[in-house]
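This report concerns only the one structure given below.
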Amino acid sequence: MRKGREVLVIGGNRYFGKRLIARLLAVGDRVTVLNRGSAAPPPGVVHLVADRGDEKSLTAALGSRTFDVVVDQVCYTPRQAEIARRVFTGRTRRYVLTSTVEVYEYEDSIAPVREPDVDPLNVPVDVELPWEDPEFVDAHYGEGKRQAEAVLAADPAFPYVAVRVAHVLGGDDDFTGRMAHYATRIRSGEPIAVPVVNHPATYIHVEEIADFLLWAVGEDFTGPVNAASHGVLTTEELCEAIAAHLPDGRTVFRPVEVGEVSPFSFTRAYGMDNSRATRLGFRFTRARDWLPKAVAETLGKGV
């Protein structure tokens, strides 16, 4: 029998993070969850309370603990990454950062983007930017993740993985409100703003990204890896699937040249190539196959 691993999950109290924790426990791993204490962790884990952005607080909470793997669900800035690299050097054999497709936000490629298209070793880091300002961090989400990856990659001896997660759909606990945005407009017939040239994107189901992270915990590769289901989805396909649950609704698109557009419409093409993860052994599903299920889970019967 496989010996259970010591796994630390930083954050992870909601959405695919809590699903990852359930999977780790189910395979016999010993799980420690570290957060600020604002939400109780699931049963069966060790709970540590600390501010991960405060090095003294983090070090004190960890004490002398070491881990086989650390999964960092809430590292958003290069400052947080610097703290993590200092604190976890020598404490873990593997550090898995949950990154994002938004690291490719400056790409505009008809061909699906590959990991080398954003090489962390070539990303400049500026820790003097106002990374303590939540509004700044929210507005610079992709940049914060890019620079966090760069900080981890700067030390070739630090065993990090950056899982670049596609847009996540599904689950009755989707807190983003993005699918609800479309449902509200379709139900009322209100126009949905899209770019004049609207590009498709890559997605992944909430259960599949939890499966992917569990798989990544047990592998030995390092560096960036794209996590996306096979195929791209258009805004029209998403709305068609949503409209199937709203038979009295009406889908109206309003192309706009300037201004804010709806959540899953894109002025640039940067769908992710998942071939590295596929070569390493992960088997992705097809986005079109699970889309109806994801819509049903998120919208429920009462929408």
> Based on DSSP H assignment, which helices of the chain show an axial Cα extent of at least 20 Å together with a mean Kyte-Doolittle hydropathy greater than or equal to 1.6?
Replying inline: none
> Which one is right for this structure if Cα Rg over 2.2 N^0.38 Å is calculated from it: (1) 1.02; (2) 1.09; (3) 0.97?
Replying inline: (1)
> Given the chain, what percent of its DSSP beta bridges are antiparallel, to the nearest 5?
Replying inline: 10
> Ignoring ligands, DNA and RNA, what percent of the 1.4 Å accessible area of the chain is carbon and sulfur?
Replying inline: 51
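Can you tell me what share of the DSSP beta bridges in region 107-264 is antiparallel? A percent to the nearest 5 is fine.
15
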>> Is the C-alpha gyration tensor of region 78-132 telling us rounded, prolate or oblate? Criteria: a/c under 1.5 is rounded; beyond that, a/b larger than b/c is prolate, otherwise oblate.
In response: oblate
> Could you give the nm distance between label points at Ala296 and Val49, where each point is 7 Å from its Cα heading toward the beta carbon?
Replying inline: 4.2
>> Given R₀ = 30 Å, what would the calculated FRET efficiency be for Val127 paired with Leu280, taking r from the Cβ atoms and rounding to 0.05?
In response: 0.40
> region 237-285 to region 88-166: how many Å between their Cα centroids?
Replying inline: 23
> Going by a ≥ b ≥ c, the root eigenvalues of the Cα gyration tensor, does region 222-272 fall in the rounded group (a/c under 1.5), the prolate group (a/b larger than b/c) or the oblate group?
Replying inline: oblate
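The values are calculated or read from the model by the stated rules, or taken from the named source; none is laboratory data. Everything numeric here is computed off the predicted structure, so don't read it as measured data. Quick reminder, even Gly has a Cβ in these numbers, built from the backbone with ideal geometry, and neighbours come from all protein chains shown. Areas reflect the complete protein model, heavy atoms only, side chains present, ligands, DNA and RNA absent. Shrake-Rupley method; radii C 1.70, N 1.55, O 1.52, S 1.80 Å.
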